[in-house]
Amino acid sequence: MSTPIVVQVITLGCAKNLVDAEVMCGTLAANGILLTTDAAAANLILINTCSFIRDARKEADEAIRSALKWKKQGQRAGLSRAVAVAGCLPQRNPQECAARYPDVDFFLGLDDVPRVHELIHAFYDGTSPLPLPSAELPGYLYDHQTPRITVTPENYAYIKIAEGCNHRCAFCAIPNIRGKLRSRQPDSVLAECEQLLAQGVREINFIAQDCTSYGKDSGGSLVQLLKRCEQLPGDFWLRVLYTHPLHVTEEFLELLAHGKHLVPYLDMPLQHASSSILLKMRRGMDGTQTRKLLEHIRKDFPEIAIRTTFLTGFPGETDQDFQELLSLVKEFCFERLGVFAFSPEDNTPALSLPDEKVPSSTANRRRNALLKAQQSISLARNQALIGQTLQVLPDEKLQGRLFIGRSAADAPEVDQFIQFQGLPGRRQDMRFAKVRITACGPYELEGVEVG
C-alpha cells in the first residue's frame, strides 16, 4: 500500500480483552502502522470482540455492522476502507463468524495478536486471501517485552498475569475460547509493574480468568507473586481482580487485609448460594462452604471489601433456591455486587442438563430483585461514610477543581465513583487525595479534599 495504513482499534468486553487490544496497538505502532481514534481518518477499523454471553455477542454484532456501514459509505465516496474482526468472537467459531459477516475483510484469532501487523500488511499486499483463524485452543500470552500502548486513564493500568482457565464451570464458555491456564513468569510480571510505575501509574490491577490459579501450572503461586510485589518501592495501589472462592486462602486474605500496596478488596464471584445449584454449576464448593468462607472473612478480616457476582436463572433454579440467594445478599451486605441472568452457551455442560429451563423473564426478574436489594445495601453503606475521610485516587479531572476518583473499595470501571472538590493548589495534580465525604447516592459519593 503506497499510502500509510491508519487503523482505528475498537475493543469490547472486559479488561482482559482490553489488554489484548493494547498489545495489538503497541505491536501496530512498533511496526510503522498509524493509529487513530477518528474513524474518518482511518482506512481500517479493527474490532476486538467479546463473546462471553449473549449480550456481549449482541454488542459485537452492532459494532461490526456499524463498521461495515462506515466501509460502504467510504466506498461510495471513492475511499479504500476495510474492516477486520479479532478476539473471542472469531476465535470461538471462525467459520460461523465468517459466514455471518461476509463483508468483513479478514478475521484474527487470539494467537494472531502478536502478528496483527503481519496480517494487515498481508491483506494490503493482496497476494492471497487470508485464512480464517485456527479453531484450536490458543496458547499465546504476552510478556513485559511485548509492545503495548495503555489506553486507560493515566493513574491506573491492568496487567494480565495469566491466560486461560482450567475450571469447567457448567455455564462458562471461556475455557473453550481462551484455552488452558498458562501463567506468566513472576520476573516478567514484576518487570511490567516496574515499567508502569515508571510511567506514573498509581494503581496496578492484576487480571486473569482466575488470578488465584496463577502459578498452578508452573510451580508458583499468587501469594508468592504478591509478596514480591509488596517489596516494590513507591506509593501505589495493587488490586487483584477475578478470584475463585475455592482458592481463597488464609495467607491470601492476610495479604489483602494488611498489605503495603495491596488494597483490602476481594473480587470473588460466588455465582449462587444454593448447594444444589452450585453443584450443577460445577463450582467445587457448596452453599455451606460458601457461607463459612464469608463468615470467616467478615469476622476475621472486616477491613476487606467484597465484590461478588451472581447468576440467576440457571437451569433448575427454583423459587426456594433464589430466596436462599437473596437471603445471602441481605445477610452479608456485600460492598459491591453484580448480577447476570443465565445465558445458554454452546458447548457448555449447562445446555445438556435435564433440569427444567428457567424462562428468561423469570431470570431477569430475579436479577432485578437482587439489584434492588443491593441498591438499599449500597445506599446504607454510603450514608455511613458521610463525615469520614477516605483516600481517593483521581481518575479524571472535570472543570475547575472538580475531580472524579475512587476509594480502595472501588475497582476501575465496574464500581462506584467519588466526585470531589480539590484543594486550591491541586489543579492538574492527579496524586492521591484525602477526601471528606459530604453526600452520597446509592452508587456515588461526593466530598471535599482536606489537607
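Overview of values
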| item | result |
| --- | --- |
| Checklist (1) in the same structural domain as R228 (by TED's automatic domain parsing); (2) out of contact with any Phe, Trp or Tyr (no Cβ under 9 Å at 6 or more places or on another chain); (3) modelled with pLDDT under 95; (4) part of a loop (DSSP other than H, G, I, E, B) applied to C172, failing item | (2) |
| Conditions (1) hydroxyl-bearing (S, T, Y); (2) surrounded by 21 or more Cβ atoms within 10 Å (Cβ to Cβ); (3) in contact with a helix residue (DSSP H, G or I) (Cβ under 8 Å, 6 or more places away or on another chain); number of the one not met by S80 | (2) |
| Qualifying residue in segment 377-385 (condition: within 29 Å of Q199 (Cβ to Cβ), touching a strand residue (DSSP E or B) at 6+ places or on another chain (Cβ under 9 Å) and modelled with pLDDT of 95 or more) | no |
| Unique match (being touching a Pro at 6+ places or on another chain (Cβ under 6 Å) and buried (at least 18 other Cβ atoms within 10 Å of the Cβ)) among L110, L89, L132 | L110 |
| Residues of segment 433-451 classified as under 20 Å from I306 (Cβ atoms) and either under 24 Å from the mean Cα position of the chain (by Cα) or outside any strand (DSSP E or B) (or both), total | 4 |
| Residue count for segment 228-245, restricted to those that are buried (at least 21 other Cβ atoms within 10 Å of the Cβ) and among the charged types (D, E, K, R) | 1 |
| Which numbered condition K180 fails, given (1) touching a Cys at 6+ places or on another chain (Cβ under 9 Å); (2) surrounded by 20 or more Cβ atoms within 10 Å (Cβ to Cβ); (3) closer than 26 Å to G87 by Cα; (4) at pLDDT 95 or above | (2) |
| Qualifying position, being basic (K, R), within 19 Å of H258 (Cβ to Cβ), in the same structural domain as M268 (by TED's automatic domain parsing) and out of contact with any Gly (no Cβ under 6 Å at 6 or more places or on another chain), among K227, K216 | K227 |
| Any helices (runs of 4 or more DSSP H) falling wholly within segment 1-102 and containing at least 1 residues that are among the small types (G, A, S) | 15-30, 54-76, 94-100 |
| Test: residue in segment 189-209 that is touching a helix residue (DSSP H, G or I) at 6+ places or on another chain (Cβ under 9 Å), in a loop (DSSP other than H, G, I, E, B) and under 30 Å from R367 (Cβ atoms) | yes |
| Segment 218-240: number of residues that are free of Cβ contacts under 8 Å to residues at least 40 places away in the same chain and part of a loop (DSSP other than H, G, I, E, B) | 8 |
| Single condition C25 does not satisfy, out of (1) crowded, with 19+ Cβ neighbours inside 10 Å; (2) farther than 20 Å from V116 by Cα; (3) modelled with pLDDT of 95 or more | (2) |
| Spans of helices (runs of 4 or more DSSP H) in segment 241-355 with at least 1 residues over 28 Å from P442 (Cβ atoms) and among the small types (G, A, S) | 275-281 |
| Count of residues meeting criterion [closer than 27 Å to T348 by Cα and touching a helix residue (DSSP H, G or I) at 6+ places or on another chain (Cβ under 6 Å)] in segment 14-60 | 7 |
| Candidates F310, F334, F340 - the one that is touching a helix residue (DSSP H, G or I) at 6+ places or on another chain (Cβ under 9 Å), closer than 29 Å to Y158 by Cα, outside the structural domain of K16 (by TED's automatic domain parsing) and surrounded by fewer than 20 Cβ atoms within 10 Å (Cβ to Cβ) | F340 |
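Matching residues to (1) under 30 Å from F340 (Cα atoms); (2) modelled with pLDDT under 95:
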site	(1), (2)
A60	yes, no
R65	yes, no
Q75	no, yes
L79	no, yes
A84	yes, no
R92	yes, yes
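The values are calculated or read from the model by the stated rules, or taken from the named source; none is laboratory data. Bear in mind that the values here come from a model prediction, so they are computed numbers and not experimental data. Methodologically, a virtual Cβ is constructed for each residue, glycine included, from the backbone with ideal geometry; neighbour enumeration extends over all protein chains shown.
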